[in-house]
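Beneath this line is the structure, given in structure tokens, with notes to follow.
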Amino acid sequence: MRLGIILGYRLKDDGTMTKRLMKRCELAIKYIEDFGLDKLIVSGGVANEHTNVSEARLMKDYLVKRGLDPDFIIEEDRSMTTWDNMEFSMQIAKERNYDVSCVVVITTVDHYLLSYNTVKICKEYINNKDINMVFYTDTVDNPDE
């Protein structure tokens, strides 16, 4: 099975997605078109105290408007950090008994430029030699607009 996970990004104070988060959704669509996925988890909770909607909800709404089947997308709406994104998303996979032989982590390049290493976090959480992990990202940095 090939499972995709889109890593969330804090929403704007008005409760809308940033260009960075929309870019991650667009990357997921491109990956699905080019390589296919069996399921997609959108991962992100309510990290902005000025909003009452989760990043996962807005990502799912965005992706459905762009043509993805709502049943293809699973919302993980508790996470507040990158570690949470991986932990809670993999918990969902385990609870649903998915045979996860390949995890595709979809994010933007800025995740690699932060003070922590997203690849290391994801790998340390999964820590399973039987799972192949693929990172799918863009090649240019994006504004926070």
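The values are calculated or read from the model by the stated rules, or taken from the named source; none is laboratory data. Because the structure is a prediction, the values reported are computed rather than measured. Quick reminder, even Gly has a Cβ in these numbers, built from the backbone with ideal geometry, and neighbours come from all protein chains shown.
Per the conditions (1) at positive phi; (2) at pLDDT 95 or above, the sole criterion not satisfied by residue 45 is (1). When 12, 23, 39, 19 are checked against the criterion of being among the basic types (Lys, Arg) and under 19 Å from residue 94 (Cβ atoms), 39 stands alone in meeting it.
Among the residues of the range 48-76, those identified as within 11 Å of the chain's Cα centre (by Cα) and either of a type in the set (D, E, K, R) or modelled with pLDDT under 95 (or both) are 55, 60, 75, 76.
Can you pull out the residues in the range 1-27 that are among the β-branched types (Val, Ile, Thr) and touching a Cys at 6+ places or on another chain (Cβ under 7 Å)?
Restricting attention to the range 1-27, the residues satisfying the condition of being among the β-branched types (Val, Ile, Thr) are 5-6, 16, 18.
Across the range 1-27, the qualifying residue is only 6.
Quick check on the range 81-91. Is at least one of its residues at pLDDT 95 or above, aromatic (Phe, Trp, Tyr) and closer than 17 Å to residue 107 by Cα? Within the range 81-91, not a single residue is at pLDDT 95 or above, aromatic (Phe, Trp, Tyr) and closer than 17 Å to residue 107 by Cα.
Taking every residue in the range 11-23 that is farther than 12 Å from residue 47 by Cα and pairing it with any residue that is of a type in the set (Val, Ile, Thr) and outside any helix (DSSP H, G or I), at least 6 positions away or on another chain, the pairs with Cβ-Cβ distances below 6 Å are 20/108; 23/108.
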